[in-house]
């Protein structure tokens, strides 16, 4: 593959942007080797399908492929470098260059956060470190599940009050970007599994996120639900898509009852709305 020059003409930049917006479907001689579904953009989520036994690499690193040829990957909020997808099957090899479309993110101001949550004590910082360790451990496993390939549904009903990628200002102080979708609804509103999977974490009182649940959908794709008021399943439980797993709450750093739903591909935080918008590949 040729390396693109560092300085691109405005016309070529426009071409790459257009290419990034096109549907990701294989064609021509590639049709029998792979199919993609999704958008190559910041926060993007991409499903892929290859012939069973084919090898898939992203930027030179192997991706997990299911026995039926399903794979997935995500693109981080601020990634700008083009992705290189490589498919190898029966001695044939395809390299596909995938330019990443950039996005503009909203600015969201949130007031009313308690002083303790804004300025944690040393004891609180120890708890925050423990919370982070638990979350990281829950997402460290590489399961063989391929539930992610069957598509996702909305995990709850409610008005959307927060979106992925927005820069947040808490009590007039800049904070980290938001990495989920916020659905505002009353405490106790059911939260459903957006896809089948296994519950790998439930902690009712994390410092920032309050009631926190993580579900493993396979191949490094995880759903995280935060600010929950209750859980109806325990760690180790296999859940079906649409099954009631938890209840909306206002625990942790929250100013009102809502569900914050986040999706990760390992440690890459991706846009849940793009996950919902990505159709499964037959």
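Numbers at a glance
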| quantity | calculated |
| --- | --- |
| Residue that is modelled with the highest pLDDT [pool: residues in the range 88-127 that are over 30 Å from residue 65 (Cβ atoms) and in a strand (DSSP E or B)] | 107 |
| Flag if residue 56 is in contact with a strand residue (DSSP E or B) (Cβ under 7 Å, 6 or more places away or on another chain), in a strand (DSSP E or B), at pLDDT 95 or above and within 17 Å of residue 263 (Cβ to Cβ) | no |
| Failed item, numbered, when residue 61 is tested on (1) surrounded by fewer than 14 Cβ atoms within 10 Å (Cβ to Cβ); (2) in contact (Cβ under 8 Å) with a residue 40 or more places away in the chain; (3) more than 25 Å from residue 276 (Cβ to Cβ) | (2) |
| Leading residue by the ranking (nearest to residue 179 (Cα to Cα)) among those in the range 34-53 that are within 17 Å of the chain's Cα centre (by Cα) and not in a strand (DSSP E or B) | 43 |
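To keep it simple, each residue is scored yes or no on (1) in a loop (DSSP other than H, G, I, E, B); (2) within 17 Å of residue 280 (Cβ to Cβ); (3) free of Cβ contacts under 8 Å to residues at least 60 places away in the same chain; (4) in contact with a helix residue (DSSP H, G or I) (Cβ under 8 Å, 6 or more places away or on another chain).
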position	(1), (2), (3), (4)
65	yes, yes, yes, no
73	no, yes, no, no
77	yes, no, no, no
81	yes, no, yes, no
86	no, no, yes, no
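The values are calculated or read from the model by the stated rules, or taken from the named source; none is laboratory data. Everything numeric in this text was worked out from a predicted model, so none of it was measured. Note that each Cβ is placed from the backbone with ideal geometry, even for glycine, and that neighbours are counted across all protein chains shown.
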